[in-house]
Structure formats: structure tokens, C-alpha cells
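Structure first, then comments.
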Amino acid sequence: MPRIIPIKDLKNTAEISKMVHEAEEPVYVTKNGYGDMVIMSVEMYESTMKRLKMYHELEISEKNIEEGKMKDAEESLGMLRKKYEL
């Protein structure tokens, strides 16, 4: 279940930092009862960005397949593994 906190709770930065790292998921911040921000650890952010880049590469690959631009699967997977250290 996601953690949701009001914006006024951001005053205690040490507690927020601890919460973000313990939750291992984004913490949602509300302002006047509505979603305003999302806070996450650097590790989670980097992991999320890495995953998004990989999904983007897959979208490009699917587009290339549709256009008939294909590469050898072993070569392509090897390049992805090397690029994203999988």
C-alpha cells in the first residue's frame, strides 16, 4: 500500500528520508488533500530510470521489426545486456 503524507510533514527531513528508504517505493505527498509530489530514494530513482530506458529501447526495437529493420537476436540481447549490465 502506498505511503501518503501531507506536505506539512516535510519539515522533518530526517524522518522523511528514513521513511522513503524503508518503504522501498515512492512516498506520495498531498497538498490540501490532493496529490502534489512524489518522493523516492536515489536508488529507486536510478532503478526506475534504468527500467524506463530499457522499455524505450524495446519500443524502438518493436518499431524496427514492424518496419522490417531486424538484427540477429543474440547480438541484440548481448548489446542490451552489456548496455544495462543485466
Pairs where the first residue, in segment 29-50, is without any contact (Cβ under 8 Å) to a residue 12 or more places away in the chain and the second is in a strand (DSSP E or B) and surrounded by 12 or more Cβ atoms within 10 Å (Cβ to Cβ), C-beta under 8 Å, 6+ apart: 35/28; 35/29
Cβ-Cβ distance below 7 Å, separation of 6 or more or different chains: which pairs start in segment 1-19 with a residue that is under 15 Å from residue 35 (Cβ atoms) and in the same structural domain as residue 34 (by TED's automatic domain parsing) and end on one that is of a type in the set (Lys, Arg) and surrounded by 11 or more Cβ atoms within 10 Å (Cβ to Cβ)? 7/31
Evaluate the following for residue 74: is it outside any strand (DSSP E or B), more than 17 Å from residue 2 (Cα to Cα) and without any contact (Cβ under 8 Å) to a residue 12 or more places away in the chain? yes
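The values are calculated or read from the model by the stated rules, or taken from the named source; none is laboratory data. Note that the coordinates shown come from a computational prediction; the quantities given were computed from them, not determined experimentally. We place every Cβ from the backbone using ideal geometry, glycine too, and count neighbours over all the protein chains shown.
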